[in-house]
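Readers should treat all values here as calculations from the given coordinates under stated rules, not as data from a laboratory. Note that the structure is a prediction, hence the values are computed from the model and not measured. Neighbour counts are summed over all protein chains in view; Cβ atoms, including those assigned to glycine, are modelled from backbone coordinates with ideal geometry.
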Amino acid sequence: MSDATPIVFVVDDDVSVRESLELLIRHEGWRAEIFPSADEFLSRPRPQAPSCLILDLSLPGLSGLDLQRQVASERAEMPIIFITGHGDISSTVQAMKAGAVEFLTKPFTDDALLSAVRQALDHSRVVLEQDAALRDLNECYASLSLRERQVMALVVRGLLNKQVGGELGISEITVKAHRGRVMQKMKADSLAELVEIAGRLRLTRTQAT
């Protein structure tokens, strides 16, 4: 997914701006998808590639700031670059506090915009890779049996095999067997790595029982 051709979305009600940005984006080797309104953009399915959104502050219907809030809650992997012909300080502060990568006032240079796009796409790529890695960990965890989850929960708390056996009412040899399968299924090479994985999955003892 992160190796797919990046997509740069443009939402602006000015056709000349949309067309000029489309040419600039494609010249850089990225895919360009342009929309005249927030509603039309939202009807487009979530992309399966690194992406960012170049967004006009002032739009008919749903405003740029309103769209930013919706994108932030539904498409966290898609950074936003605001562009406007009449930006004000309060709008800029609001957009940046909400996570916008950049806020550019028209007319802006191609270099300024492209620099912001590269930064946004790099961020999107990292988020997608992290999401994919977390999905893989969740799939590994789902493959564990109930007993293996119980053993994992106690092991990452720092209990020794003998203590784990005492907690679960099973022999130390059985604990070792379960622990070995946990390490294998979770693709962990060490206890420290298993603890890190548990932290990333935000496991609690109640989840594992």
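Among residues other than LEU59 whose Cβ falls under 15 Å from its Cβ, what is the net charge (Lys/Arg +1, Asp/Glu -1)? Once all neighbours under 15 Å are counted, the net charge is -4.
Between amide H atoms placed 1.01 Å from N, distances below 5 Å from ILE83 occur with LEU55, ASP56, LEU57, LEU104, all of them 5 or more places distant or on a separate chain.
Segment 49-110 and segment 121-141 have Cα centres lying 24 Å from one another. Each 10 Å bin from 0 upward holds the following percent of the Cα-Cα pairs of segment 1-129: 13, 50, 34, 3. Placing one equal scatterer on every Cα of segment 27-90 and applying the Debye formula, the log10 ratio I(q)/I(0) at q = 0.15, 0.21 Å⁻¹ is -0.48, -0.92. Among 72-84, 50-62, 31-43, the peptide with the highest mean count of other Cβ atoms within 10 Å heads the list, and the full ranking is 50-62, 72-84, 31-43. The phi torsions of segment 188-202, fed into the Karplus equation with coefficients 6.51, -1.76 and 1.60 and a -60° offset, translate into couplings of 9, 8, 7, 4, 4, 5, 5, 4, 4, 4, 4, x, 5, 7, 6 Hz, rounded to whole numbers, with Gly and Pro shown as x. The residues neighbouring GLU77, those whose beta-carbon lies less than 11 Å from its own, together hold a net charge of 0 under the Lys/Arg +1, Asp/Glu -1 convention. The slack between GLN130 and SER63, meaning 0.36 nm per residue of separation minus the straight C-alpha distance, is 21.1 nm. Here the Karplus relation 6.51 cos²θ - 1.76 cosθ + 1.60, evaluated at θ = phi - 60°, turns the backbone of segment 64-74 into coupling constants of x, 5, 5, 5, 4, 4, 5, 5, 4, 8, 10 Hz, with x for every Gly and Pro.
Here the 3J(HN,Hα) profile of segment 136-148, calculated from phi with Karplus coefficients 6.51, -1.76 and 1.60 at θ = phi - 60°, is 5, 5, 5, 5, 4, 5, 5, 7, 6, 6, 4, 5, 5 Hz, Gly and Pro shown as x. Proximity of backbone amide H atoms, modeled 1.01 Å from N, is registered between ILE34 and VAL10 at under 5 Å, excluding neighbours fewer than 5 places apart on the same chain. Projected onto its three principal axes, the C-alpha set of segment 143-201 covers 28, 21, 17 Å, listed from the longest axis down.
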